[in-house]
1. Given the residues B:Gly585, B:Gly590, which is the only one that is within 25 Å of B:Asn635 (Cα to Cα) and either touching a residue at least 12 places away in the same chain (Cβ under 8 Å) or surrounded by 20 or more Cβ atoms within 10 Å (Cβ to Cβ) (or both)?
2. Scan the stretch B:572-598 for residues that are within 10 Å of chain A (Cβ to nearest Cβ) and of a type in the set (Asp, Glu) and jot them down.
3. Give the residues of the stretch B:339-377 that are in contact with an Asp or Glu (Cβ under 9 Å, 6 or more places away or on another chain), of a type in the set (A, V, I, L, M) and open to solvent by 10 Å² or more (accessible area, probe 1.4 Å), sorted by residue number.
4. Is it the case, given these coordinates, that B:Asp42 is free of Cβ contacts under 8 Å to residues at least 60 places away in the same chain, in a helix (DSSP H, G or I) and either more than 24 Å from B:Leu440 (Cα to Cα) or of a type in the set (A, V, I, L, M) (or both)?
5. Go through the stretch B:617-633 and give me each residue that's more than 10 Å from chain A (Cβ to nearest Cβ) and open to solvent by 80 Å² or more (accessible area, probe 1.4 Å).
6. Which of the residues that make up the stretch B:164-220 are within 28 Å of the chain's Cα centre (by Cα) and outside any helix (DSSP H, G or I)?
7. Determine whether the stretch A:293-316 contains at least one residue that is charged (D, E, K, R) and more than 14 Å from chain B (Cβ to nearest Cβ).
8. I'm trying to understand the selection: among the residues of the stretch B:552-571, which are open to solvent by 10 Å² or more (accessible area, probe 1.4 Å) and over 24 Å from the mean Cα position of the chain (by Cα)?
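The values are calculated or read from the model by the stated rules, or taken from the named source; none is laboratory data. None of these values were measured; they are calculated from a predicted model. Every residue, glycine as well, gets a Cβ built from its backbone with ideal geometry; the counts of neighbours run over all protein chains shown. With ligands, DNA and RNA removed, areas are computed over all heavy atoms of the protein, side chains included. Shrake-Rupley method; radii C 1.70, N 1.55, O 1.52, S 1.80 Å.
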Number of protein chains: 2
Amino acid sequence: MLNKKLRPVNLGKIQIEDRFWKEYMELVRTHVIPYQWDALNDRIPDAEPSYCIQNFRVAAKREEGKFQGMVFQDSDVYKWLEAVAYSLMWHPDEALEKTADETIELIAAAQQPDGYLDTYYIINGLDRRFTNLMDHHELYCLGHMVEAAVAYYYATGKDVFLNVAVGYANCVYNCLGTEEGKIPGYPGHEVAEMALVSLYKITKDERHLKLAKYFIDQRGQAPLFFDEECKKNNNTCYWDDTYMRKQYYQAGKPVREQDKAEGHAVRAVYLYSGMAEVASETEDQELFEACERLWSNIVTRQMYVTGSIGATEHGEAFSFDYDLPNDTVYAETCAAIGLIFFARRMFEITKDSRYTDVMERALYNGVISGMSLDGKSFFYVNPLEVSPEHCEKDYFRRHVKPERQKWFGCACCPPNVARLLSSIGGYAFECDDASVYMNLFMGGQVELELDGNKNIFHVETNYPWNGKVVVTVENEQPSFFSFAVRIPGWCVNSCVTVNGEKQLCELEKGYAVMKREWKNGDQIILDMEMPVTIVEANPLVREDIGKVAVMRGPIVYCLEEQDNGTSLPQIYLEEGQPFNEKYEGDLFNGVVTLTVKGKRVSDEGWNGDALYRTYRGKKFMDQELKLIPYYSWANRGIGEMTVWVRMK
Amino acid sequence: MLNKKLRPVNLGKIQIEDRFWKEYMELVRTHVIPYQWDALNDRIPDAEPSYCIQNFRVAAKREEGKFQGMVFQDSDVYKWLEAVAYSLMWHPDEALEKTADETIELIAAAQQPDGYLDTYYIINGLDRRFTNLMDHHELYCLGHMVEAAVAYYYATGKDVFLNVAVGYANCVYNCLGTEEGKIPGYPGHEVAEMALVSLYKITKDERHLKLAKYFIDQRGQAPLFFDEECKKNNNTCYWDDTYMRKQYYQAGKPVREQDKAEGHAVRAVYLYSGMAEVASETEDQELFEACERLWSNIVTRQMYVTGSIGATEHGEAFSFDYDLPNDTVYAETCAAIGLIFFARRMFEITKDSRYTDVMERALYNGVISGMSLDGKSFFYVNPLEVSPEHCEKDYFRRHVKPERQKWFGCACCPPNVARLLSSIGGYAFECDDASVYMNLFMGGQVELELDGNKNIFHVETNYPWNGKVVVTVENEQPSFFSFAVRIPGWCVNSCVTVNGEKQLCELEKGYAVMKREWKNGDQIILDMEMPVTIVEANPLVREDIGKVAVMRGPIVYCLEEQDNGTSLPQIYLEEGQPFNEKYEGDLFNGVVTLTVKGKRVSDEGWNGDALYRTYRGKKFMDQELKLIPYYSWANRGIGEMTVWVRMK
């Protein structure tokens, strides 16, 4: 049953017209994509040069020079092209497409006769290629190249880039493998696995699926390839003297035997996404079960309430069960995005809202927190508790920034945000021939072929600030299909009506599924109560004991110093106090803020002369507290912030 | 008035016969000193070799070889000799003294004609000596050599070692200074400052005091010597890319302008101790005021409730005001010892119990926690909260060990504990010609010359488990002097009687001062109520908000997993619950333990399937809690521990 999976909707058939999301998409289109193009071409005055395009020009022998930048610098242009592709789908732009075509032409010019394409080795010496798969990212670049080429093919129908990607994929297929004469290696940084399955869906070339499956099955087999590679090529492994060794690469043992998410969080969820793709495509139940175990470990042991993952800076990695520090946290934006990739694939196999619920959690919190509201700066790390003084003075929080940064030496997050947001409509709906799934609630319209007819669904909503979602069906012929609406896990009371008539359908894996003949003008209304909800963490999460988080709908809230003063850890919420909800149109592009009567620890009697004294009992002062959506923090300058608040 | 200071009592005149302390002293004498001798001679099977004695043999040309071990390896034998000296004072031991004499003879044989003595440069090339004062510890070794030589001179009257030390001190005096042709440097790791003042007190050679004062005054002057040294000799400074730069060495600015304790904590308090010595010896009020500011910053902003200091592993350093994490803490045993050195000197100048109170706090908690009850293993880091799983798996807590270690590559703490404990009696009493100060309460006797007569004070007590201290005066002639008893800051109700008569003396800077003629058989009884006290931290200490610590007398208590189960952060104390105190003679060599009714967060409804849920209100289970003295933790195997406990 694994292969009966849903499929994404072609982005060209989705028009998002949503107060919340359209703003982000337009920011990406009008600001982030042009800015990144300048960055790739070293035209940002204050930023370190990227050298990305220059490396391609050198590799294509169009100019003299040496390789510069990170070993995986090529991937930046691929991510940019992928974002461009998605953007072109919903906003055609001749000039942008021309720039993209020229860039693809440059990339193609750098490709070697056997298909190889990694500028680092093309410039530095092809004799060393594939000698450090562990750390040198040739296969990571392959993955991003393929993802971009696939997206660009869907967006434009042009196959130049696709053919480049096929060429490199085939080159890798010819060089890597367990067969005699091949290198039995696999990617140090995963992503090619899922990308190759996407490629296979277009090419139907078995080699592409086989290569993806090989990467997954070979990973972690004894003797460990990375160890052998180190010995053979005299490479060193940075992680060998730490608790985390080959686990950093998810290569400590075969993936089918893994049951805890471990190591570099982005790599991990990219791998798991690839595993889900291969499991589905090859009907591999065992592999799917490994995915389920790993998923379960993440969401029941290692995920922040914001949907962020990766608790430690050491290796940008998962740490261990229930270890979720809020202040020294890593929670990389890319990792939350990767979790969305994984969630989407697991949903496509299972049609279970367990996955799409997490997708929504990560998207509205841990992902969009990564970008400023003006699209000009980005968080790599998304802390749940920040003290600017600690960020400055505590060496072990130097990765935690109290304000978003313009660009990064390792610029993975901004382009990742860009490609996700510019394809966000594709996460809202999934379909097969007989069903539509509405996973996320965003205004706009989507056109789908169902029951042999064109059906257009018009969605109106003010989500996430309001829980009402109105879907109107437009078709020329009545069509029989099922329309499934996700009833979010956070939602306790909801009501679904069709043409005003209440639907009493039982939920199927979290979805209200309405299977019927749909006529033009039929109107589905989902009405979700969206009260403020106080959330507690499992008491095995040490850092959250005695504390609560505040949510409303899918939105996690936080306290900022700007509204609540310094020393936020001194603040307590009080049980039973009502929250006052207010939509503030002028704040952060429009958000619902919350105010509530709370308390602050009294500093009475503390005159600065002492650190310790005989306990005088819990003493508090009243304080009116204001909470804002977590994703919108750090848009008003530098200050403290906290998601988890003590409960009196 | 600064020079009117009290003086330590000759250890030869103190006999400690105390249930609590004699055990430690005997452990040091019978176990630690012999073990360390074996370590210095590379005879411990499982431990890394020290190479210390071997380096001296090579330097003395008694064998061939290269320098091995840390650049400051010489200091280990000096610390050992200092501990030996103290031990010989209260327990003569011919064989041990012979070994010490032979060792001193070896050290002397390594000394160069101009007095220079650092085996690293003697072996590696004297042309490079004094070219890296910042990091190469030649002056640190001088300091420990002098301290040991002074102690050995007091213990035995022999001057061989003293002359070696004088020779090296004079060599340094001749080479370092602001005069033309000298190197304007000072120690990277302080300790020589206070040592040279001790030497001066014996030699009365102005050069020794001048050198100490020069080290202090030159420190941090612009242009920074360490910067100049780096440039000139092509050295690199490890700290230049961190928030902490020359501050690591307390050399960011002149010491008189410093008002925050900063950088490497041991170095800092060693420096401050030296500053206090020089301020007193040279009547330097300005320098003394700098000491007071730095003291005040430590005890009101940067000291753990255990008297430990140094909040961060990064540089083994002070961090910043109110930053006192309990779990990632450094709190090096040596730093707490150094704080005692500083406290003692400040007390000697001021006769103020503000200092001796801190001395007691550090001694009974942060210092003796550093050694196991069998004297066989040691903590370098003294955490206030430990989870063994975090120690193993959290890279940023890898310095925090859940069990004491046998020996360390950098073996500074064990010999430091040894020299402190074997001279502990000297911290109990201080005197001048007309007064005795009883600072610490330990059984035994001390003989002092007062009012021209020999007076012997017999002390009986079961401190710290019981607050009654009985002092009986023995003299042949009635003698007029003042007897001052510290009334500890933790003590709310106390009573002092002389021959049964209640003394209503006003406290003078925390001391009950009884000035009178004392006759043979006079008996002073100090009776301190010693109830369990709950302590809270200043609410600016984020990590302790909502939590309390439990003390009884000077002893800080903790919860251990062995008594209270895992997940200690789930435990709450409840206001108003009475503590049951019990002396357990068989536990940890005899301690008072505390039991109390407490609570544990209920795990009801948490079945492992979720990390987060809608808040259900605070739910608790009853739990009988047991607390043990903090210093005795980790003597029953590995487990969790916490000092700060949530208060319901």
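1. After ruling out the rest, the residue left standing is B:Gly590.
2. Taking the stretch B:572-598 as the starting set, the residues that turn out to be within 10 Å of chain A (Cβ to nearest Cβ) are B:572-573, B:575-576.
The one that is within 10 Å of chain A (Cβ to nearest Cβ) and of a type in the set (Asp, Glu): B:Glu575.
3. Within the stretch B:339-377, B:Leu373 is the sole residue that qualifies.
4. Considered against the rule, which asks whether it is free of Cβ contacts under 8 Å to residues at least 60 places away in the same chain, in a helix (DSSP H, G or I) and either more than 24 Å from B:Leu440 (Cα to Cα) or of a type in the set (A, V, I, L, M) (or both), B:Asp42 comes out as no.
5. Within the stretch B:617-633, B:Asp622, B:Glu624 meet the criteria.
6. Within the stretch B:164-220, B:Gly185, B:Tyr186, B:Pro187, B:Gly188, B:His189, B:Glu190, B:Val191, B:Lys204, B:Arg219, B:Gly220 meet the criteria.
7. no
8. Our first condition is that a residue be open to solvent by 10 Å² or more (accessible area, probe 1.4 Å); within the stretch B:552-571, this holds for B:552, B:561-563, B:565-567, B:569-570.
Matches in the stretch B:552-571: B:Glu561, B:Gln562, B:Asp563, B:Gly565, B:Thr566, B:Ser567, B:Pro569, B:Gln570.
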